[in-house]
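What follows is a single structure, written as structure tokens, with notes after it.
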Amino acid sequence: MDTSDIRNDEGLAVKGISSEEKYNGAIIRVYREEVELPDGSRSHWDVVRHLGAVCTVPIDEEGNVILVRQFRYPAGRVMLEIPAGKLESADDDRLLRAKKELKEETGAEADEMICLGDIYTTPAYVDERITMYLAKGLHFGATHLDDSEFLTSLRMPLEDAVTLVMEGKIEDAKTQAALLRAYVMKLQGRL
């Protein structure tokens, strides 16, 4: 499959004309933006700006993935996810942030961190880019949760976690994408 033209924006690019901040919160900022469409007409888009985030698929020596359970208020329920966290600033080093979040949430430190790539979970109106990692060679110590963080962790075979994704029981997008990428790596003999 030739993918050389997959991101060609010829005739598709939208140009920003103006931007007005409507809300500035602790995690997001919301803007009303005027844009010029490919045909030259103008439109307004609401855009959520976010510094970005990282997530990690930690896999132990037995092939188990470590997942966390936490209540997600906007979703209104407990969700099963991989360890993750938001960037602290635009200059935050994504790899270092992923290592920090892994240690905080699971107590694990990794001998090897493999980048699995980036995802945009809702690119129609949010610019959040999440960088995904796979952690191998885990060593465990104490967790160090943030004051406002309440979660528990559990281990299961990677294959079981992928089954939960395919059954719709893991609904978190970053977790789905990262687990499936890790599983494909395993199938390809790269894990």
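The values are calculated or read from the model by the stated rules, or taken from the named source; none is laboratory data. In this text the structure is predicted, and so the values were computed from the model without any measurement. We place every Cβ from the backbone using ideal geometry, glycine too, and count neighbours over all the protein chains shown.
Yes/no per residue for (1) β-branched (Val, Ile, Thr); (2) surrounded by 13 or more Cβ atoms within 10 Å (Cβ to Cβ); (3) assigned by TED's automatic domain parsing to the domain that holds Leu80; (4) more than 21 Å from Leu96 (Cα to Cα):
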position: Val126; (1), (2), (3), (4): yes, yes, yes, yes
position: Tyr133; (1), (2), (3), (4): no, yes, yes, no
position: His139; (1), (2), (3), (4): no, no, yes, no
position: His144; (1), (2), (3), (4): no, no, yes, no
position: Pro157; (1), (2), (3), (4): no, yes, yes, yes
position: Thr163; (1), (2), (3), (4): yes, yes, yes, yes
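Residue count for segment 165-191, restricted to those that are buried (at least 16 other Cβ atoms within 10 Å of the Cβ) and farther than 17 Å from Tyr133 by Cβ: 2. Taken together, Ile59, Ile82, Ile66, Ile17 contain a single residue that is in contact with a Cys (Cβ under 6 Å, 6 or more places away or on another chain) and at pLDDT 95 or above, which is Ile82. Scanning segment 121-180 for residues being at pLDDT 95 or above, assigned to a loop (DSSP other than H, G, I, E, B) and among the acidic types (Asp, Glu) gives a total of 5. Output yes when any residue across segment 76-99 is over 17 Å from the mean Cα position of the chain (by Cα), aliphatic (A, V, I, L, M) and surrounded by fewer than 12 Cβ atoms within 10 Å (Cβ to Cβ), and no when none is. Within segment 76-99 (the criterion being over 17 Å from the mean Cα position of the chain (by Cα), aliphatic (A, V, I, L, M) and surrounded by fewer than 12 Cβ atoms within 10 Å (Cβ to Cβ)), the answer is no, since none of the residues qualifies. On the stretch given as segment 181-191, residues that are touching a strand residue (DSSP E or B) at 6+ places or on another chain (Cβ under 8 Å) and in a loop (DSSP other than H, G, I, E, B) total 1. Taking every residue in segment 57-75 that is in the same structural domain as Cys115 (by TED's automatic domain parsing) and pairing it with any residue that is surrounded by fewer than 17 Cβ atoms within 10 Å (Cβ to Cβ) and of a type in the set (S, T, N, Q), at least 6 positions away or on another chain, the pairs with Cβ-Cβ distances below 9 Å are Ile66/Ser153; Leu67/Ser153; Val68/Thr152; Val68/Ser153; Arg69/Thr152; Arg69/Ser153; Gln70/Thr152.
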